[in-house]
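Structure, as structure tokens:
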């Protein structure tokens, strides 16, 4: 994804991404949901190992194909309700996370939306010996709703193509 940098937009969006990371780490998931539009697409494709000459076209699974996540607002809300219910056994007791968001690139789109790409590193600690380190990047399309930037589409791409962890119960 090639982005034409917009420094003013970068200054506007970086605090949004920082706030989002803190909300996730503080387990304020209902507040975190406010960062998304009502018609959001939250998508995490699988990454495949393909020959270098085919990487751009075939490395990521497309929408509708087998993906780690392909969710809308309703599914995100259901995941939050489940986490809050105490019935999500993989998160009982709750994980401790640290979301590091960096390398923001942002550009304005002709329709008033914005496109952004960020790198992430998420550390998860659960119980005494369960630890995860997930890295990758996110590509977002954002739109202003009532004066605030909200994510309308998020694609999360992990650097690893195989998840060796017991579960994927944290938000990226």
Query - Members of segment 26-44 that are in a helix (DSSP H, G or I), in contact (Cβ under 8 Å) with a residue 12 or more places away in the chain and surrounded by fewer than 16 Cβ atoms within 10 Å (Cβ to Cβ) - result: 30
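Specify which of the listed residues (144, 150) is under 29 Å from residue 114 (Cβ atoms), in contact (Cβ under 8 Å) with a residue 60 or more places away in the chain and part of a strand (DSSP E or B). Give the derivation first.
Numbers: 144 fails: in contact (Cβ under 8 Å) with a residue 60 or more places away in the chain.
Checking each option against the conditions leaves just 150.
Among the residues of segment 61-73, is there at least one that is assigned to a loop (DSSP other than H, G, I, E, B), surrounded by 12 or more Cβ atoms within 10 Å (Cβ to Cβ) and out of contact with any strand residue (DSSP E or B) (no Cβ under 6 Å at 6 or more places or on another chain)? If you could, list the steps in order and put the result at the bottom.
So in segment 61-73, the residues assigned to a loop (DSSP other than H, G, I, E, B) come out as 61-66.
Keeping just the survivors that are surrounded by 12 or more Cβ atoms within 10 Å (Cβ to Cβ) gives 61.
Those still in the list that are out of contact with any strand residue (DSSP E or B) (no Cβ under 6 Å at 6 or more places or on another chain) too: none.
For segment 61-73, residues assigned to a loop (DSSP other than H, G, I, E, B), surrounded by 12 or more Cβ atoms within 10 Å (Cβ to Cβ) and out of contact with any strand residue (DSSP E or B) (no Cβ under 6 Å at 6 or more places or on another chain): absent.
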Query raised in the report: Within the bounds of segment 92-102, is there any residue that is within 15 Å of residue 151 (Cβ to Cβ), under 17 Å from the mean Cα position of the chain (by Cα), in contact (Cβ under 8 Å) with a residue 12 or more places away in the chain and surrounded by 13 or more Cβ atoms within 10 Å (Cβ to Cβ)?
Result: yes
Requested in this report: May I ask you to verify whether residue 56 is in a helix (DSSP H, G or I), at pLDDT below 95 and more than 19 Å from residue 172 (Cα to Cα)?
Outcome: yes
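Per-residue answers, yes or no, for (1) over 19 Å from residue 134 (Cα atoms); (2) touching a strand residue (DSSP E or B) at 6+ places or on another chain (Cβ under 7 Å):
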residue: 21; (1), (2): no, yes
residue: 32; (1), (2): yes, no
residue: 36; (1), (2): yes, yes
residue: 44; (1), (2): no, yes
residue: 47; (1), (2): no, yes
residue: 50; (1), (2): yes, no
residue: 54; (1), (2): yes, no
Report task. Could you check how many residues of segment 103-136 are under 14 Å from the mean Cα position of the chain (by Cα) and either free of Cβ contacts under 8 Å to residues at least 24 places away in the same chain or not in a strand (DSSP E or B) (or both)? Result -> 2
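Confirm whether residue 15 is farther than 19 Å from residue 84 by Cβ and more than 14 Å from the chain's Cα centre (by Cα). Reasoning before the result, please.
Working: farther than 19 Å from residue 84 by Cβ: yes; more than 14 Å from the chain's Cα centre (by Cα): yes.
Answer is yes for this residue.
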Query - Among (1) more than 16 Å from residue 138 (Cβ to Cβ); (2) surrounded by 12 or more Cβ atoms within 10 Å (Cβ to Cβ); (3) modelled with pLDDT under 95; (4) out of contact with any helix residue (DSSP H, G or I) (no Cβ under 6 Å at 6 or more places or on another chain), the one test that residue 50 misses - result: (4)
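Of all residues in segment 118-135 being surrounded by fewer than 18 Cβ atoms within 10 Å (Cβ to Cβ) and touching a strand residue (DSSP E or B) at 6+ places or on another chain (Cβ under 9 Å), which is nearest to residue 4 (Cα to Cα)?
119
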Query raised in the report: Would you pick out the residues in segment 74-89 that are within 16 Å of residue 24 (Cβ to Cβ) and in contact with a strand residue (DSSP E or B) (Cβ under 8 Å, 6 or more places away or on another chain)?
Result: 76, 79
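The values are calculated or read from the model by the stated rules, or taken from the named source; none is laboratory data. None of these values were measured; they are calculated from a predicted model. Reconstructed Cβ throughout: ideal geometry from the backbone, glycine too, with neighbour counts over all protein chains shown.
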